[in-house]
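Input: a single structure, listed below in structure tokens.
Every read-out reported here was derived from the displayed coordinates using simple, explicitly stated rules and does not represent laboratory data. Please read these numbers as outputs of a predicted model, since none were measured by experiment. Reconstructed Cβ throughout: ideal geometry from the backbone, glycine too, with neighbour counts over all protein chains shown.
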Amino acid sequence: MRWEIDSSAHPLPAALLAEWHGNPGGTVSDYPNGHTAAPVLSRKLVDETRAAFQPFGTYIPVHVPDGGPDDFCAYIPEVVADCLDHEASSAPDEAGEIERAVFVPDRIPSDAPCFRLTDNKTDVYWNG
């Protein structure tokens, strides 16, 4: 997802393509993703969070084969904060991921539901 790192060179896509993994007969989750880079929400959660989340980010439809066209959306936060405590946090790995992130409390954008770091624009960190 290069657009997370440099949105001026790689604009947000109009939609994302996805596929199901796991038990196809299982219960579908309202939060069906296992990676912090792309929070995917069910239509129910999108409807419940839109008023609080939309001022701070963008919803992008996620198209899943054999799924409805509006069943899921990825939430892309636009807030990027310089709030990482570099001394208390673990160093980024080769992929840039920070295993243990510690934040400077007064620099956390607490008005936003979530944010990305200037040091790692891929992962999403949630408030509250």
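Yes/no per residue for (1) without any contact (Cβ under 8 Å) to a residue 12 or more places away in the chain; (2) assigned to a loop (DSSP other than H, G, I, E, B); (3) out of contact with any Phe, Trp or Tyr (no Cβ under 6 Å at 6 or more places or on another chain):
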| site | (1), (2), (3) |
| --- | --- |
| THR27 | yes, yes, yes |
| ASP30 | no, yes, yes |
| GLN54 | yes, no, yes |
| ALA74 | no, no, yes |
| ASP106 | yes, no, yes |
| ALA112 | no, yes, no |
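I need the full set of residues from the stretch 44-63 which are hydrophobic (A, V, I, L, M, F, W, C) and within 19 Å of ALA18 (Cβ to Cβ), in order please.
The answer is LEU45, VAL46, ILE60, VAL62.
Filtering the stretch 51-81 down to residues that are surrounded by fewer than 14 Cβ atoms within 10 Å (Cβ to Cβ) and of a type in the set (D, E, K, R), which residue is farthest from PHE115 (Cα to Cα)?
The extreme case among them is ASP66.
Determine which single condition TYR125 fails, assuming it passes every other condition in (1) surrounded by fewer than 18 Cβ atoms within 10 Å (Cβ to Cβ); (2) among the hydroxyl-bearing types (Ser, Thr, Tyr); (3) outside any loop (DSSP other than H, G, I, E, B).
(1)
Do you know which residues across the stretch 30-50 are surrounded by 12 or more Cβ atoms within 10 Å (Cβ to Cβ), closer than 25 Å to ALA101 by Cβ and hydroxyl-bearing (Ser, Thr, Tyr)?
THR36, THR49
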